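Heads up, the thing below is written out as structure tokens.
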Amino acid sequence: MIYVKDLSKSFGDNQVISHIDAHIEPGEKVVIVGPSGSGKSTFLRCLNLLEQPDRGTITFDGEEITSSSVDINKVRRHMGMVFQHFNLFANLTVKKNIMLAPVQLKIMSKAEAEEEAMRLLKLVNLEDKADVYPVQLSGGQKQRIAIVRSLAMNPKVMLFDEPTSALDPEMVGEVLELMKQLARDGMTMVVVTHEMGFAREVGTRVIFMDEGVIKEENTPREFFENPRDPRLKDFLSKIL
Amino acid sequence: MEAWLENLRKGFYQTFILKDNYMYFVKGIRITLLVTVLALILGVVLGVLVAIIRSAHDQQPVKKRGIVLRILNVICKVYLTVIRGTPMMVQLLIMWFVIWAGARATDGNLIRCAVISFGINSGAYVAEIVRSGIMSIDKGQMEAGRSLGLNYVSTMRFVIIPQAFKNVLPALGNELITLLKETSIVTVIGLKDLTKGAMIVQANTYQAFVPFIAIALIYLLLVLLLSWLLGKMERRLRQSDIR
Ligand SMILES: Nc1ncnc2c1ncn2[C@@H]1O[C@H](COP(=O)(O)OP(=O)(O)OP(=O)(O)O)[C@@H](O)[C@H]1O
Ligand SMILES: [Mg+2]
């Protein structure tokens, strides 16, 4: 589904991603872990071109999206993204947050989008919040709404950048539960997280990123029980 | 004391009643408000456009800035520099006596000239106000919009600008109030606004105290009214902040 070839990205003199090759297949749940500053977010943000790669190609659904002739806005409709800080539109109610993109992009009529928004809100048990503004919500509620906002576009893949890192501990569970449900429903997912439990339980493959390269990747079981790379061993010993 | 009161009564009579002089003030207020409101609309349209061009330019990575965007950005910068670097009165004089040199001094022409001059002037200040508002919005808002497939302009329009606008409403309100007071310099091209009305009455009646104090009070009242309206609007826009 997503092929990454020889991807590199620098910020000024700081080479953040170095010649990464990767392949994400439909239905996979790829979990990316690694120390802070290793380039996980940058890698994820390159996948939907929120960051412009310096070199290399990304092919999504058979289309080379790094080519300059591609309309990236069309591509992004099919790639949902969930951010650490939720990024709900502060000027819009919950329902309007969900409806904005489908309506503006003429994928749904207003009525259809509203119906879809209510269906999604029911899914996460937040239909009573349809008409409130984001400031009135808890972190866990915001993140669940951010997730269903992406789902309203019916994406083929969902990218998560530390979706639970900004949450109070008691709210992490509700967000992970929703992500697990998505995984069960067959969504293709790429998840940057520090939740090792989630990686073990839901991941079909775990990637260890360090200093802008993929140092190791494996099934969750092998990854956690038989780490080979010394940096990974060190990393795991610190967090487990 | 008695004499002073008598003088004041006479001043009032000559300023307002005699020969229907009050009409100078009524018409003057109409023209002052008309020029202010139309100039503000022009200023906001211009200002938002310039602000979007300037922020689009600054937010794009250097490599992705198209040639059109670069040129537009340069034009905007020149515009901001020239307008903010020269006195409003000079701009108005140039607009009327140089650019519109051939035009007949009808009310219509004078109003058009004033609206355009003040609109262009105000646009430069509004642009910087709106731009600071855009810059104050967390960049996650833009990223969220873009990640859903919305383009830059749509995200600006539905997400960023409404929030930026709310944040800068007090500053825009100040700009409106400044504009209202500044329009008094249209007297230099002969447009009969509120200030010019008072000057005409003063020239005809040799009364100075009553007409000038009167327009000072009228300006003050208009400003207070505007502040009140803006306060109301701000409270309504704050809805999305109520916890
Ligand atoms: N927009 C940017 N401009 C300049 N440098 C950046 C930018 N974004 C990221 N960086 C730098 O790139 C490096 C990798 O950042 P990145 O956010 O990808 O790391 P990360 O693995 O996601 O870390 P974390 O776990 O802290 O989120 C860091 O050194 C960071 O300072
Ligand atoms: Mg990160």
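Please find the FRET efficiency linking B:Lys232 to B:Val188, where r is the Cβ-Cβ separation and R0 is fixed at 41 Å, and quote it to the nearest 0.05.
Efficiency, rounded to the nearest 0.05: 0.75.
Counting DSSP beta bridges with both partners in the protein assembly as shown, what percentage is antiparallel, nearest 5?
Restricted to the protein assembly as shown, the bridges split so that about 55 percent are antiparallel.
Any idea how far apart B:Ser132 and B:Val37 come out in nm if each label point goes 7 Å out from Cα toward Cβ?
A separation of 2.8 nm, rounded to one decimal place.
Leaving out ligands and nucleic acids, note down the accessible area per residue over the range B:25-121 with a 1.4 angstrom probe, in whole Å².
Accessible area per residue: 54 Å².
What net charge is computed for the residues neighbouring B:Phe118, neighbours being all others with C-beta under 13 Å from the C-beta of B:Phe118, Lys and Arg scored +1, Asp and Glu -1?
With Lys, Arg at +1 and Asp, Glu at -1, the neighbours total -1.
Which parts of the range A:114-162, residue by residue, lose 30 Å² or more of accessible area when the rest of the protein chains are there, as against the chain isolated (1.4 Å probe)?
A:Tyr133, A:Val135, A:Gln136
Where the only charges are on Cβ atoms (+1 Lys, Arg; -1 Asp, Glu), what is the dipole of the range B:102-160 about its Cα centre, to the nearest 20 debye?
140
Cα gyration tensor of the range A:115-160, axes a ≥ b ≥ c as square roots of the eigenvalues: rounded (a/c below 1.5), prolate (a/b > b/c) or oblate?
oblate
Are there residues in the range B:108-153 whose accessible area shrinks by at least 40 Å² when all protein chains are included rather than the chain by itself, and which are they (probe 1.4 Å, ligands and nucleic acids not counted)?
By number: B:Gln141, B:Glu143, B:Ala144, B:Arg146, B:Ser147, B:Leu148, B:Gly149, B:Leu150.
Which whole number gives the average, over all residues in A:68-75, of C-beta atoms from other chains lying within 10 Å of the residue C-beta? Spell out each step's value before the answer.
Details: counts 1, 0, 0, 2, 3, 7, 1, 1.
Neighbouring Cβ atoms belonging to other protein chains average 2 per residue here.
Using the Cα centre of chain B as the reference point, and only Cβ charges (+1 on K/R, -1 on D/E), how large is the resulting charge dipole? Debye, rounded to the nearest 20.
The dipole magnitude comes to about 760 debye.
Taking R0 as 35 Å, what FRET efficiency do you get between A:Arg228 and A:Lys180 from their Cβ-Cβ distance, rounded to the nearest 0.05?
Here the calculated transfer efficiency is 0.80.
Mean projection of the alpha-carbon convex hull of the protein assembly as shown over all orientations, in nm²?
Mean orientational projected area (the protein assembly as shown, Cα hull): 31.0 nm².
Put a dot 7 Å past each Cα toward the Cβ at A:Ile72 and B:Ile67; how far apart are the dots in nm?
Calculated label separation equals 2.2 nm.
If each residue of separation counts as 0.36 nm, what is the full-extension length gain between B:Leu217 and B:Ala101 once their alpha-carbon separation is subtracted?
Computed gain between B:Leu217 and B:Ala101 is 38.3 nm.
Report the per residue volume, in Å³, of the convex hull enclosing the C-alpha atoms of chain A.
129
Just the number, please: carbon plus sulfur as a percent of the accessible area of the protein assembly as shown, 1.4 Å probe, no ligands or DNA/RNA counted.
Here it works out to 57 percent.
Ordering B:Leu92, B:Leu5, B:Leu237, A:Leu176 by how much accessible area each has at a 1.4 Å probe, largest first, what is the list?
B:Leu5, B:Leu237, A:Leu176, B:Leu92
Under 26 Å Cα to Cα from A:Lys122, which lysines show up? Leave out anything in the same chain fewer than 8 places away.
Counting by Cα, and skipping residues close in sequence, A:Lys122 has these lysines nearby: A:Lys29, A:Lys95, A:Lys96, A:Lys106, A:Lys110, A:Lys142, A:Lys156, A:Lys180.
Probe 1.4 Å, all protein chains in place: accessible area of B:Lys196 in Å², nearest 10?
50
Over 29 Å between C-alpha atoms is what I'm after, so list which of A:Lys40/B:Lys77; A:Lys40/B:Lys139; A:Lys9/A:Lys129 land there.
A:Lys40/B:Lys77; A:Lys9/A:Lys129
Provide the FRET efficiency to the nearest 0.05 for the A:Glu201-B:Leu49 pair, computing r from the beta carbons and using R0 = 45 Å.
Once the sixth-power term is evaluated, E becomes 0.30.
Considering the Cα trace of the range A:119-240, what is its radius of gyration and what is Dmax, both in angstroms?
So, for the range A:119-240, Rg and Dmax equal 16.2, 51 Å respectively.
Calculate the spin-label point distance for B:Ile75 paired with A:Glu112, positioning each point 7 Å from the Cα along the beta-carbon direction, and give it in nanometres.
Those two pseudo-labels are separated by 3.8 nm.
Over the range B:148-243, with a single point scatterer placed on each C-alpha, what log10 of the ratio I(q)/I(0) does the Debye formula yield at q = 0.23, 0.25 1/Å?
Log10 I(q)/I(0), no solvent term: -1.13, -1.22.
Ratio of alpha-carbon Rg to the 2.2 N^0.38 Å globular estimate for the range A:79-188, to two decimals, please.
0.98
Roughly how many whole Å is it from the C-alpha centroid of the range A:166-211 to that of the range B:54-100?
49
In Å² (nearest 100), what accessible area is buried between B and A, both sides summed, heavy protein atoms only, 1.4 Å probe?
2200
Could you report the range A:103-240's accessible area per residue, 1.4 Å probe, as an integer in Å²?
Result: 47 Å² of accessible area for each residue.
How far is the Cα center of the range B:170-225 from the Cα center of the range A:1-33, in Å?
Between the Cα centres of the range B:170-225 and the range A:1-33 lies a distance of 65 Å.
Give me a single rounded figure for A:79-89: the average over its residues of other chain Cβ atoms within 10 Å of their Cβ.
Taking all residues of A:79-89 together, the mean is 4.
Counting DSSP beta bridges in chain A, what percent are antiparallel, to the nearest 5?
Counting DSSP beta bridges with both partners in chain A, the antiparallel share is about 55 percent.
The values are calculated or read from the model by the stated rules, or taken from the named source; none is laboratory data. These numbers were taken from a predicted model, which means no experiment stands behind them. Ideal geometry is used to build each Cβ from the backbone, glycine not excepted, and the neighbour counts take in all protein chains shown. Areas reflect the complete protein model, heavy atoms only, side chains present, ligands, DNA and RNA absent. Shrake-Rupley method; radii C 1.70, N 1.55, O 1.52, S 1.80 Å.
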